[in-house]
Structure formats: structure tokens, C-alpha cells
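> Right, I'll just put the structure down here and ask away after.
The values are calculated or read from the model by the stated rules, or taken from the named source; none is laboratory data. All of these numbers come straight from a predicted model, not from anything done at the bench. Positions of Cβ are generated from backbone atoms using ideal geometry, with glycine treated the same way; all protein chains shown enter the neighbour counts. Just the protein is used for accessible areas: all its heavy atoms, side chains included, with ligands, DNA and RNA removed. Shrake-Rupley method; radii C 1.70, N 1.55, O 1.52, S 1.80 Å.
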Amino acid sequence: MAGAAHCSLQAKRLLLDPRFEGYKLSLEPLACYQLGLDAAVAEVQLRDDQYTLDHMRAFGMYNYLHLDSWYQDNVYYVDQFGRVMNLSVTLDTALQKPREVFRLPTDLTACDNRLCASMHFSSSTWVTLSDGTGRLYLIKSGKRGSSASEKWEIVFNEELGSPFIIAHSVSFVKSDAHSLAMLLLRVEKDELDTKGSGFHVTLEWVTIAERKEGDQRYEIIKRRVLQGKSVPHYAAIEPSGDGLMIVSHKPFTFMQNESDKLEENDDAKVSNEKKDPLYYWQQTEDDVTITVHLPQDITKDDIKICFSPDNICVTLKDQPPLIEGKLYSSVDHESCTWIIREDKSLEISLIKKNEGSQWPEVIVGDTRGEFVMDSSQCSKIAESLMHLTSEVMNPNPEKENPPCNAQELEECDAFLEDGASLCRFDGDTLKVTHIINLGSNQYLFSVVVNPREMPCFCLRHDVDALLWQPHSDQPENMWEHIATFNALGYVQASKQDKKFMACAPDYSYAALCECLRRVFIYRQPTPLATILYNRKEGRQVGQVAKQLVATLEANDPILGFQATSERLFVLTTKTLFLIKVNSGN
């Protein structure tokens, strides 16, 4: 990950509400409809050899209900007879029974080590399907949902090794050929892992493309495998098929063949040889000075430097730019200067716009420079840190205000995984191009807002839950903050029995369900029809956010949970529930 750009997520202040006062419990009734299933859901229990936390996360907490984001209010599940069943809702009061749209050709019960069947809707007319035994089906579905004559046609069907579940898939056109790419998730035994759980997680990135000639219309053109030590929270392929993004607690790396390994070793030898920095830089509270050693034949006329408020470009003769990129912070570009010193070095002076700020780097993501700190700066930093150190262990235990008191933390403030990261992998180089250390920004759930874009992911930021939309085609705005669910990060942490979380694609509400019966709905704040005052602050409250609770009439555990703009779908072993949350326009 040495060449990866270290990025950060930029929240939009306008989408944050620092004066949010919490959710008010609403007793308004929720319309709840239920449909009995002809056959039970094809639930697969964990076996005795699937005992790790990764097995539980990948397969034990699997969402058996699949939402078709291409068509409004369409859900699918697989029953115990291997039938793919669909429920398409147009009117809640006139619900039809779930109907069969496809039947898996294999007998699911014949395979002892099978996983649950999984599916993903790659486009408005293509579906990828796994029967849980290691076989992948590529299906041309035509227009789904509303048509009773809907027919799913298998165009590709192949055994791909050990059982897997489909994590994500996309459909795209490349080199005038229709292609589909999918991510297949496995938890496999690792004989070399003697200290850990004894298992590792693999994500196989399979690309299938249409053939121009021959009987077989589609064939596998690429199979690449990533390996890690934890089940990813989020894994999705970019719509163009050129890269993928993964949110995981532990890093993933591509497994390479022997020739690739030899090349990588050669590259490592070259990179290990000590290289001199391209430039040295210093800073004061007012300016930044960059020093570059020039070749002997370079004169003043050969140097071209372009300053702008946020960028710099240094070119020597007609060569590619020597230094180019976005500055860490803005500068007064009209006051920036450069000179050639007597020792044939180029000295560039950048005048900071924000005086007093310390720059950790000159050019964002550029590691070719070396920071040189003068002695006065060193002593100033040492002095500022003096109060944090002592020669005596815990010199003042009775201090009135200790710097940190663990007892002040609440149980729901503790995260199991503080080291999660978001990585973007390039499909050609198979290397990480962007990485974000998520720290304590706990992953909550993912949702498809626009099926033509990558799925959004929701992270906890302080007490709020922020929804992020990846834009693989916008390097300057690769992760956009598109919605906020106030205090949801804090609220969900208190729900010890939660199983699934979701939100409406129009962000109008978020919801979570427990393992049994209960569903909690959190609406966005809405304006009040009557005047309400905050007694403590003596000010008028203009809007209120409501919490609603629905209790299902079911004793079976919840196996699936999906949210649309109008309703929630909740699947148990033998029943499908619909909860009307919003009325249609």
C-alpha cells in the first residue's frame, strides 16, 4: 500500500444538525400486512466446523431477503424446494402470493457442505445466482417484477470450486462486448494459520464476457482472488468494472501467481535501495520553503513554475513536471517566489494564506520530499509536550480533572473494531490506489440509492450516522456525504439484539430489527403543525423526529430485512411481513 493515496471523508456541514434534540416515541399505528409462505425459506444452519466469528458474520447473519433496486418494491427469496420466489407490491391491500420465477436445477439437500443460496441483481435484465454448492448461474431475466410472463433464462452455468455466496455484481460493456463481474465470498481453512482462527476469507473477482463466436455465448475471461483475515463489511465492484472498494477490519491483498511474485520481488529490491528525496522542505508559521537540487545543465530560462492558490507545477526544460499537485493548504500565489542559489539549487517560497497552521506535507499524497525541522521548532514541540510526560509513574493520581477517565465512557461507546479501513483497488495493477483509515467510524449498513451507482455505506460519526455515496469516476469527490441520520449511531449502539439495519433510498427513515419480532423505525425530522416550546431553553421547536416501534406476530427468527421508500419487508422462516412506513405520492 506504499503507493496508495491516503484520503479522508469530508462531511458536509449543511447535512449535520448540532441542535438535534432526539427522537420522540410516536404511538401512531403502522399498517402491517403478512403473507404466509407456501414453503419455508431455505435457511442453512451453521455446521459444527463453522465456529468462528467470520462464519457467523458471513453466513449466520446472512440476509435471506433480496431487494431488486431496479424495480420499485420487488423482493425475492429462495425456498426449501430451490425455487426463487418473487413478491411485487403495487397495492398493500391487494397483495398477491409470492410467485415462482426460477427453479434451481440442482437438489440443494444433496450437498452436505452447502451454504445458503444467494443472488444479486446486476442490471435491470441480468441476475447472478448461486445455489450455495459452488455453482454460479448467470441469468437473463428480461424485465422483472410486473410481468407475469417473466422468464429467467440460464446463459452461463459453471462449477467454480468450493461453496460461496455472491457479495456483489455489475453489468457493463467493455471493448464492444457485454461483460458481468461478480465478487464471490468464501471462508476457507488456513493450514498455515496456527495462532489465529485457522481460517482466512477470500473474495474471488470473476469477470464473464460475451463471446463473438462459438456455441458457448458467455465465458470466464478473468479470475482474481483477494485474501484477508476478516469478513468485509462492504465489498463492491465499480460500475465500469475497473476497480473495487472494500471496507474491512483487516486488509485484503491480491493472491498472485509465481511470475507476478518474481516481478514484485524485483520491484521490492529496487525500492529498497535508498533513494535521495526529490526535494527538501521547511516551514515557519508564515511560509513554506522547498529546495530542489538542479542538474548541472539547467539555467534560469529552463525553469517554469506555475503558482495557483491550491496547486503548484515545476517544470525543467521540456520534461514532464518535476513537482506537480494539490498543495496541502491554500497559499497567496501572487506573493510566492523562487530563486536559484549559489549551490545550484532551486529555492521556492510559498506564502501561507492561513498563518500559524502547520503542514504535515507540501503536496497531498507526494512522498518524494523530506521535511527538515530546525532546532527552534524541535525545542518548541518538546516544550509543548512536556506536560504529558513525567519521570515519576502516575505522579498525581488524585488530580481533580484527569486527562481521560474510562469510567465516563458508556458501554455503547466501545467499538469492537477500531482498525477498519476503506480501500479502493485498481483492476489492472491489482494494487490499492486509495485508502481511508476509518478509525472509530463504525460501519453500520449499506444501501443502494441509485442502482447505476455503487452501493452507499453508512458509518457512525460521533453520535450520528452518515451515509456515503462512492463515485469511482470522480477522483476529486470519490466519497460524497449524501445524508445524515441524526443520533442513529448512538441509538443503534444501545440495541444489543439488533440483527439488520437499513434505510429508505430517499433517506426519509432508517430502521433496524432485532433477532425476534421487534422493528424500530427512525424518521427524519419533519415540521410541526402545532407550536411546541423547549421548556429548558424557552425557544420554539420547529420540527420533531419520530421513533416508531412495530412488533411482529411471529415466533420465528427474522431472516431477512429490506427497506424501500414506502415500506419495510421483513422475512421470517414461514412469513413475509410488509410494514407501511410512508404513503406513496
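> What do you reckon, is residue 452 part of a loop (DSSP other than H, G, I, E, B) and among the basic types (Lys, Arg)?
Yes: the conditions hold for residue 452.
> May I ask you to say which residue of 356, 325 is out of contact with any helix residue (DSSP H, G or I) (no Cβ under 9 Å at 6 or more places or on another chain), of a type outside the set (Lys, Arg), not in a strand (DSSP E or B) and not assigned by the TED database to the domain that holds residue 432?
356
> A further question follows. If the requirement is being of a type in the set (Ser, Thr, Tyr), within 21 Å of the chain's Cα centre (by Cα) and in a loop (DSSP other than H, G, I, E, B), which of these qualifies: 169, 162, 197, 123?
123
> Would you tally the residues in the stretch 464-521 being among the acidic types (Asp, Glu) and part of a loop (DSSP other than H, G, I, E, B)?
The number of residues fulfilling the criteria is 3.
> Condition first: within 15 Å of residue 59 (Cα to Cα) and open to solvent by 20 Å² or more (accessible area, probe 1.4 Å). Now tell me which residues in the stretch 164-188 satisfy that.
Residues satisfying the conditions are 167, 187, 188.
> Please determine, by comparing only the residues of the stretch 170-203 that are hydroxyl-bearing (Ser, Thr, Tyr) and modelled with pLDDT under 90, which one is farthest from residue 237 (Cα to Cα).
Across the stretch 170-203, the extreme among qualifying residues is 194.
> Here is a list: 403, 320, 309, 397. Which entry is loosely packed, with under 10 Cβ neighbours inside 10 Å and at pLDDT 75 or above?
It is 320.
> I've got another one for you. Residues of the stretch 331-377 being open to solvent by less than 60 Å² (accessible area, probe 1.4 Å), touching a Lys or Arg at 6+ places or on another chain (Cβ under 9 Å) and either more than 17 Å from residue 305 (Cβ to Cβ) or among the aromatic types (Phe, Trp, Tyr) (or both), which ones?
If the condition is that a residue be open to solvent by less than 60 Å² (accessible area, probe 1.4 Å), touching a Lys or Arg at 6+ places or on another chain (Cβ under 9 Å) and either more than 17 Å from residue 305 (Cβ to Cβ) or among the aromatic types (Phe, Trp, Tyr) (or both), then 359, 365 are the ones that fit.
> If residue 491 meets every condition in (1) among the aliphatic types (A, V, I, L, M); (2) farther than 20 Å from residue 524 by Cβ; (3) open to solvent by 20 Å² or more (accessible area, probe 1.4 Å) apart from one, which number is that one?
Single failed check for residue 491: (2).
Rundown of residues vs (1) part of a loop (DSSP other than H, G, I, E, B); (2) farther than 27 Å from residue 484 by Cα; (3) not assigned by the TED database to the domain that holds residue 520, yes/no style:
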| residue | (1), (2), (3) |
| --- | --- |
| 14 | no, no, no |
| 17 | yes, no, no |
| 21 | yes, no, no |
| 51 | yes, yes, yes |
| 54 | no, yes, yes |
| 70 | yes, no, yes |
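> Among the residues of the stretch 442-463, how many are polar (S, T, N, Q) and either touching a helix residue (DSSP H, G or I) at 6+ places or on another chain (Cβ under 9 Å) or open to solvent by less than 20 Å² (accessible area, probe 1.4 Å) (or both)?
The qualifying residues number 1.
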